[in-house]
Amino acid sequence: MTAIQTARTVEEVDTVVIRFAGDSGDGMQLVGDQFTSTSALMGDDVATLPDYPSEIRAPAGTIGGVSGFQVCFGTSDVFTPGDSLDFLVAMNPAALRANMPYLKPGATLILNEDSFISRNIEKAGYTANPLETGELVGYRVLRVPMVQATQEALGAGGLSAKQVDRCKNFFALGLSYWLFNRDIKQTQRWIIKKFGNKPDVLDANQRAFEAGLQYGKDGKLVDRTYATRAKVTPRGAGVYRQVSGNTATAYGLLAAAKRANLPLFLGSYPITPATDIMQVLQQNRDFCNVLQAEDEIAGIGSAIGAAFGGALAATSTSGPGFSLKIEFMNLAVMTELPLVIIDVQRAGPSTGLPTKTEQSDLMQAMFGRHGESPIAVIAASSPRDCFDATIEAARIALEYMTPVVLLTDGYLGNGSEVWRVPELDELPVLKTHLVTNPEGFKPYSRDSKTLARPWAAVGTPGLEHRIGGLEKEDGSGAISHSAANHQKMTDLRAAKIQRIAQDIPKTEVIGDPDANVLVLGWGSTRGVIEQAVGHLNARGVPVAAAHLRHINPLPSDLEALMRKYKRVLVPEINCGQLAYHLRAKYLINVEQFNKMQGQPFRADEIEAKIVSMPETLSKPVAAANYGALS
Amino acid sequence: MTVVPTANLGLKRQDFLSNIDPKWCAGCGCYSVLRWLTGTFPTMGLPREKFAVISGIGCSSRTPYYVDTYGFHTVHGRAMTVATGLKLSRPDLSVWVMTGDGDAMSIGGNHFIHMIRRNPNIKVVLFNNQIYGLTKGQASPTTAKGKKTKSTPYGSIDPPLRPLSMAIAAGATFAARVADTDGQLMADVLQQAADHRGAAFVEVLLNCVIFNDGTFNHLTDKAVKQDTTVQLRDKEPLIFGNAKDRIVTIDGFRPQVEAYTPGAPIPANALIHDVAVEDSSLAFLLSNMEHPDLPVPVGVFRRVAQTVYDDHYAPKGGDLARVFRGPEAWVEDAQGQISLLGAQAAPATAA
């Protein structure tokens, strides 16, 4: 790997948090993507947080139109995209203003000074030019005439002024590569691949990228650059790539179908932030059947039809779509067909904040159906974990003949990290209850271990039978209006879901084994919780953490585990939905910690909360300066 | 893989009747559909397990229980979504949807439009009794204006919609109408629907003896039906009436009835039926013909060959590990040394 070694000083750093921000048409997601994949390829750990408006092109220059891409890259284990920014690349005043709250003290601001003109300054909501008011004192401000430099680099070519302007993101990327000693080859190849069929655009982007690099080399910016330290502990031998949560979810479905030896069917409908799951599978139609349905309801309906025909069937959506699927979820409960329902949660209620993350559909997943309708619920904890969690959802669906809700969220779905690509034969073989023998066949007989009913796929000779939403007679599956039978079937459906707990591994606890406080999380908070607990333990603060993948049923060892601690803290990006459930189920008064800002927790927020709890500090703790964290 | 008939299997109508006795009211038109549906299945050369009868909610939607094939009584209005998913993942099956006017035209209207436009090889039989029967007599989307029902005590104020017009507007490649009382025509229409490659839509004008008794009497009574309906025959004029003495002619876009002398030459302005014409204007015009101004057409309105949706669904398989690696994977050894995979390792020059 050749890095650019022209600066006089190269400072070694452990991890860096940088955010690229600009108008939603400025190509900041592209810049972030390139920076991240290059960093990953150089051996760094990475975690990303794309943050974009729900409008495709909100009015240029306004706060509402700011699109950002944050990446944390570095040597030590990177659990999250980072709490606050070491570096901000801002393409206009709005991008600066929108990101001021996220800056670390002393952060470096790389500003496209050409855009700090009165019109843009006003549109951003500033009354005066922030470069001149002194409000940026305390930050290292690097003013770069990005538009002018890009224009100079491109010369008087055949491109319009607008096209030239659109190349400035590559200038910013080149400059960032110089600053962080990133390897340029990967991006050079990518530019050729992406723009190879438009020679003038290809040439312009290449020139802009080179000009950004050269601008740094010429010493016009700063006299030092940064490089991440070589890794102490390698990731381990294997094939690696960067993967987003939504892609990992789609791959999880493909892998599960392969390992269950079943055809895969996805019925879905476009919805932010879940659409990528459908799109990734559409790109891989050699391995699956994907229906872009007329609505969310048809998405799940078609999946149920495919399940009746013996496919591993799934539907993917987000909050509003999840609401629409509920009637059909109940049909899957009643007919006891295997089905994976993926909800990439977003901020609600109603349309809410479509591009912002939340964990607020937990209650709906658990209980949001008419009738007594138990359903399995599991949650993924990181972008790459979406792959494993999806396979686990499919395993439960097939082994217990039940719909399973898989909860991810916008933060996981759009975020990405480095993933070791598994070999297919490393993955579990998924068993099914498919039957072919007509001898003694009863559609609603039960497997003694799992209480699953047999799966007689349409087309199997001699097993013709009828199912539907009406209550079933135990065993025969015939329509039954018997009072005693309804009680029995209600109990059976509940018992079947509870039996899933027999396969759930022991709950793992990290951190200080003698702590008074256990931080219990679920879903996408895993990274920040582990980071917070790690930091505090390193400073001698006693705290432990456990994380839930299985929400329904909960692990059978959970209650005893919770009772070992004086206090259980439950951080959630909702108003306390898991906390509510835990209190109701175990009569343990857990401590809630909640945030509803469309953003994931920051580790320092969780650290501060833990430290503020009297139970934490009831144990002797070495003095530490917590004030600096907030 | 598509539906492949396996010659004559010796199956009879009785082989397709389940051991559950239908629980429809005595005299209900649903019995007629069951009779002719189970009469059609043995002619298709498929074993029983290859049939799936999918339904929504309503009287029509009890049909799967009475047919000894695979059956799925789903939720209200949404049978076509379940049928679509089943058919796309199992093109080898013969998939039939049993639905009603409330099920398909009201709560399931969206699914109806989109299933029809995609043209999967699915057969849809719509039991149109112009009433909600199972909920005991409320106005449906096909209930006549002014009709008094339990939910419209002062007469329905909603203009009814025509299921056939909906189907044809959505691009139906096969559309037909038949009355429950006309066994011979129903057998013929269901047979043609079964033989059609693509979505086939059959509207059955069906009498509800309890909540809408006699709503189609003007079209089904032996004494008048020759005068109030016309049976469509491909490439033939629309001649009707007890004495075959009336003919439908066309004036611009407006069909009209003229007197006709049996045996006389067909007038130049006569409307000549053509089931296979690609443009659906004629079929749509026919679907708009209503009593009492015009005879109500029955039989096959439209039967055209178009790409069948399920033909697009044929996963070929391949190297899944390659998909997972994608274009940007790299290899690391135990020491953390990184090497690139495949095309990435190529030098960075323009191709």
Just wondering, is there one or more residues in region B:245-256 that are in contact with a strand residue (DSSP E or B) (Cβ under 9 Å, 6 or more places away or on another chain) and facing chain A (nearest Cβ under 7 Å)?
no
How many residues are touching a residue at least 24 places away in the same chain (Cβ under 8 Å), out of contact with any helix residue (DSSP H, G or I) (no Cβ under 8 Å at 6 or more places or on another chain) and crowded, with 23+ Cβ neighbours inside 10 Å when one looks only at region A:565-594?
0
Mind telling me which of the residues A:Thr408, A:Thr402, A:Thr436, A:Thr432 ends up being of a type in the set (Ser, Thr, Tyr) and loosely packed, with under 15 Cβ neighbours inside 10 Å?
A:Thr436
Does region A:130-142 contain at least one residue that is in contact (Cβ under 8 Å) with a residue 40 or more places away in the chain, in the same structural domain as A:Ala60 (by TED's automatic domain parsing) and part of a helix (DSSP H, G or I)?
no
Being within 14 Å of another protein chain (Cβ to nearest Cβ), assigned to a loop (DSSP other than H, G, I, E, B) and small (Gly, Ala, Ser) narrows A:Gly43, A:Gly25 down to just A:Gly43
Let me spell it out: the conditions are (1) within 22 Å of A:Gln242 (Cβ to Cβ); (2) over 36 Å from the mean Cα position of the chain (by Cα), and A:Ala389 meets all of them except one. Which number is the exception?
(2)
Would you call A:Val519 outside any helix (DSSP H, G or I), at pLDDT 95 or above, assigned by TED's automatic domain parsing to the domain that holds A:Ile573 and closer than 29 Å to A:Gly410 by Cβ?
yes
Evaluate the following for A:Asp203: is it free of Cβ contacts under 8 Å to residues at least 12 places away in the same chain and either surrounded by fewer than 24 Cβ atoms within 10 Å (Cβ to Cβ) or more than 14 Å from chain B (Cβ to nearest Cβ) (or both)?
no
Residue under question is A:Ala394, and the condition is that it be under 17 Å from A:Leu254 (Cβ atoms) and touching a strand residue (DSSP E or B) at 6+ places or on another chain (Cβ under 6 Å); does it hold?
yes
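Residue by residue, here is whether (1) surrounded by fewer than 18 Cβ atoms within 10 Å (Cβ to Cβ); (2) outside any loop (DSSP other than H, G, I, E, B); (3) touching a strand residue (DSSP E or B) at 6+ places or on another chain (Cβ under 6 Å); (4) modelled with pLDDT under 95 holds:
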position: B:Pro297; (1), (2), (3), (4): no, yes, yes, no
position: B:Arg302; (1), (2), (3), (4): no, yes, yes, no
position: B:Asp310; (1), (2), (3), (4): no, yes, no, no
position: B:Phe324; (1), (2), (3), (4): no, yes, no, no
position: B:Gly336; (1), (2), (3), (4): yes, no, no, yes
position: B:Ala343; (1), (2), (3), (4): yes, yes, no, yes
Residue under question is A:Thr390, and the condition is that it be in contact (Cβ under 8 Å) with a residue 24 or more places away in the chain, surrounded by fewer than 20 Cβ atoms within 10 Å (Cβ to Cβ), among the β-branched types (Val, Ile, Thr) and not assigned by TED's automatic domain parsing to the domain that holds A:Leu49; does it hold?
no
Condition check: over 26 Å from A:Pro454 (Cβ atoms), at the interface with chain B (Cβ under 9 Å from one of its Cβ atoms) and of a type in the set (Val, Ile, Thr). Does A:Thr272 satisfy that?
no
Please count how many residues of region A:209-251 are basic (Lys, Arg) and more than 8 Å from chain B (Cβ to nearest Cβ).
4
Say we look at region B:266-314 and pick out the residues that are small (Gly, Ala, Ser) and farther than 28 Å from B:Asp221 by Cβ; which of these is farthest from the chain's Cα centre (by Cα)?
B:Ala268
I want to confirm something. Restricting to region B:70-128 and keeping residues that are aliphatic (A, V, I, L, M) and touching an Asp or Glu at 6+ places or on another chain (Cβ under 8 Å), which single residue is nearest to B:Asp311 (Cα to Cα)?
B:Leu88
crowded, with 18+ Cβ neighbours inside 10 Å and over 30 Å from A:Val71 (Cβ atoms), is that true of A:Ala452?
yes
Tell me, which strands (runs of 3 or more DSSP E) wholly within region A:202-321 include 3 or more residues that are among the polar types (S, T, N, Q)?
A:312-317
Only one of A:Asp286, A:Asp295 is within 8 Å of another protein chain (Cβ to nearest Cβ), surrounded by fewer than 21 Cβ atoms within 10 Å (Cβ to Cβ) and in contact with a Pro (Cβ under 7 Å, 6 or more places away or on another chain); which?
A:Asp286
The residue from A:Gly468, A:Gly475, A:Gly462 that alone is touching a strand residue (DSSP E or B) at 6+ places or on another chain (Cβ under 6 Å), in the same structural domain as A:Ser381 (by TED's automatic domain parsing) and free of Cβ contacts under 8 Å to residues at least 40 places away in the same chain is A:Gly475
Being buried (at least 22 other Cβ atoms within 10 Å of the Cβ), over 20 Å from the mean Cα position of the chain (by Cα) and not β-branched (Val, Ile, Thr) is true for just one of B:Leu238, B:Leu219, B:Leu206. Which residue is that?
B:Leu238
Please determine whether any residue of region A:408-416 is of a type outside the set (S, T, N, Q), outside any helix (DSSP H, G or I), more than 14 Å from chain B (Cβ to nearest Cβ) and under 30 Å from A:Ser360 (Cβ atoms).
yes
Show the residue pairs meeting these rules: Cβ distance below 6 Å; 6+ apart or different chains; first residue within region B:256-280 and assigned to a loop (DSSP other than H, G, I, E, B); second residue exposed (fewer than 10 other Cβ atoms within 10 Å of the Cβ).
none
If we keep just the residues of region A:471-493 that are in contact with a Pro (Cβ under 9 Å, 6 or more places away or on another chain) and in a strand (DSSP E or B), which is surrounded by the most Cβ atoms within 10 Å (Cβ to Cβ)?
A:Lys472
State all residues of region A:332-346 that are within 11 Å of another protein chain (Cβ to nearest Cβ), surrounded by 24 or more Cβ atoms within 10 Å (Cβ to Cβ) and either in contact with a Gly (Cβ under 6 Å, 6 or more places away or on another chain) or part of a helix (DSSP H, G or I) (or both); if no residue qualifies, say none.
A:Ala332, A:Thr335
For A:Thr150, state whether it is farther than 27 Å from B:Leu340 by Cα, assigned by TED's automatic domain parsing to the domain that holds A:Val46, outside any helix (DSSP H, G or I) and of a type in the set (S, T, N, Q).
no
Looking at region B:71-96, which of its residues are within 15 Å of A:Thr460 (Cα to Cα), surrounded by fewer than 24 Cβ atoms within 10 Å (Cβ to Cβ) and more than 7 Å from chain A (Cβ to nearest Cβ)?
B:Pro91, B:Ser94
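The values are calculated or read from the model by the stated rules, or taken from the named source; none is laboratory data. This one's a predicted model, so the numbers in the text were calculated from it and none came from an experiment. Ideal geometry is used to build each Cβ from the backbone, glycine not excepted, and the neighbour counts take in all protein chains shown.
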